[in-house]
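The values are calculated or read from the model by the stated rules, or taken from the named source; none is laboratory data. What you are looking at is a predicted structure, and each value in this text was computed from that prediction instead of being measured. All Cβ positions, even for glycine, are placed from backbone atoms using ideal geometry, and neighbour counts span all protein chains on display. Surface accessibility is based on the protein's heavy atoms, side chains included, excluding ligands, DNA and RNA. Shrake-Rupley method; radii C 1.70, N 1.55, O 1.52, S 1.80 Å.
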Amino acid sequence: MAHIPALFQPATFRSVTARNRIVVSPMCQYSAVDGLGWDWHIQNLGAKAAGGAGIVFVEATHVSDIGRITHGCLGLWNDAQQALVARLAALISYCGAVPGIQLAHAGRKGSCEVPWKGGGPISAAAGGWVPVAPSAVPFSEAHTVPRALEVDDIHEVVGQFQASARRALQAGFRILELHGAHGYLAHEFLSPVSNRRTDRYGGDLNGRARFLMEVIDAVRAEWPEELPLFVRVSCSDYLEGGLTIEDTVALARLLKARGDVDLIDCSGGGISPAQKIPSLHAGYQVPFADRVRREVGIATGAVGLIRTPEHADEIIANGWADLVDLARAMIADPAWAARAAVALGVKPDVPPQYLRAY
């Protein structure tokens, strides 16, 4: 039997098996209207699924209108939005990939302009909204001071995650990821930079992780035991006084102990514009995935400017991570996975309509 590179060996989580270890990472398109996607979202993810990846995630999909980053962000809180993402799940499945969706709430980083218009904050008076957060601490001096969530508000947001998880299941998704990274709401609770609370949702790591744990509880009430649940975290805030990789290892131990979280997607940064990332190089965040995997014994996803098939295969072959998540590389080349297969000596697994290309 011919040798199969590690990158192209199947990956199984609960009842779900992906054809390879390549993940199309959730990538915001900022192109929805009132949370509703359209043809852009269909062609964007369809091309990537047809390109041979094992798992294809829909972009960060928000659980409420004020939970969006921008007016252009995708949502999943009504029937029309559910119908659209169901089309995405069906198309991804048709192309042979596992459909995944990332549920998110932007927290204090909400009510912003789309990136190609500068990405700056939009005030409520200018057509935006007042964002919410664990504490009334803005992301930057230019951002609107968020409204600190009361305990009843927290319960409402947890319920929104639960409702969106129910819709995701009905829409046909097979993997659910919770966005707990990049300075958005769950990360804001986790990080002492943004969480100044003195109640049960603040203080030590157990308190700061309470919101995320309650979201997982609520989501798992809808998301079946046989389907996997991933959590994306920022493993470092890259900021003095912020989260460190040691904090993340401790959090990962809490998540593993639950028994209902299957993989930690190890990213970093995003909590503050004052962050200082030491070096942006290929695979710069892979050591996070490696350390969490080794020290905690839970599956991880590696991210961070991974561009070449050889590098991606090395990550899996060396046991540094279980999955490799690609974003910019997939934007540049939706068929990255198929080209990687050719480069590593494997027959690309693409729809029959595309076979003549290989």
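Data table
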| read-out | value |
| --- | --- |
| Dimensions in Å of region 71-111 - Rg and Dmax from alpha carbons | 12.4, 37 |
| Reach of LYS117 by Cα under 18 Å, taken over lysines that are not fewer than 8 positions away in the same chain | LYS109 |
| DSSP-assigned coil residues among trypsin sites (Lys or Arg not before Pro) in region 210-248, each with at most 14 further Cβ atoms within 10 Å | none |
| Burial ranking of peptide ranges 303-311, 158-166 (average Cβ count within 10 Å, highest at the top) | 158-166, 303-311 |
| Region 89-161-region 223-240 distance, computed between alpha-carbon centres (Å) | 17 Å |
| Test item: Cα-centred dipole of the chain, Lys/Arg +1 and Asp/Glu -1 on Cβ, debye | 580 debye |
| Heavy-atom accessible surface of the chain: percent carbon and sulfur, 1.4 Å | 53 percent |
| Choice from ILE122, ILE315, ILE175 showing the highest fluctuation, given a GNM over the chain with Cα pairs closer than 10 Å | ILE122 |
| Protection proxy ranking of 47-58, 84-95, 144-155 - average other beta-carbon atoms within 10 Å, highest first | 47-58, 84-95, 144-155 |
| Mean separation of Cα contacts under 8 Å, 6 or more apart, over the residue count of region 194-342: relative contact order % | 17 percent |
| Spherically averaged projected area of region 203-288 from its Cα convex hull (nm²) | 6.5 nm² |
| Per-residue ³J(HN,Hα) for region 16-33, Karplus 6.51 cos²θ - 1.76 cosθ + 1.60, θ = phi - 60°, Hz, x for Gly and Pro | 10, 10, 8, 5, 7, 9, 8, 10, 7, 5, x, 9, 4, 9, 6, 10, 7, 10 |
| Helix 79-94 axis, angle to the chain major axis (alpha carbon atoms, nearest 10°) | 30 degrees |
| Relative contact order, percent, region 44-83 [alpha-carbon distance under 8 Å, six or more residues apart] | 28 percent |
| 10 Å binning of all Cα-Cα separations within region 112-193, expressed as whole percents from 0 upward | 15, 38, 35, 12, 0 |
| Region 37-138 - percent relative contact order, Cα under 8 Å, separation 6 or more | 30 percent |
| Kirkwood hydrodynamic radius of the chain, Cα pairs, Å | 20.3 Å |
| Per-residue [θ]222 nm for the chain (sum of -39500 (n - 2.57) over DSSP H runs n ≥ 4, rounded to 500) | -10000 deg cm²/dmol |
| Degrees between helix 39-50 axis and first principal axis of the chain (Cα, 0 to 90, nearest 10) | 40 degrees |
| By average C-beta atoms within 10 angstrom, highest first, the peptides 3-16, 288-301 | 288-301, 3-16 |
| Heavy-atom accessible area per residue - the chain, 1.4 Å, Å² | 39 Å² |
| Alpha-carbon centroid distance for the pair region 187-218 / region 1-52, whole angstrom | 31 Å |
| Antiparallel bridge percentage (DSSP; both residues within the chain; nearest 5) | 10 percent |
| Gyration tensor over alpha-carbon atoms, region 44-177, equivalent ellipsoid semi-axes in Å | 30, 17, 11 |
| Anchor LYS347: lysines whose Cα lies under 18 Å away (excluding residues fewer than 8 positions away in-chain) | LYS48 |
| Crossing angle, helix 151-171 versus the chain [Cα axis fit, 0-90 degrees, rounded to tens] | 20 degrees |
| Among ALA343, ALA321, ALA302: highest mean-square fluctuation, GNM of the chain, C-alpha pairs under 10 Å | ALA343 |
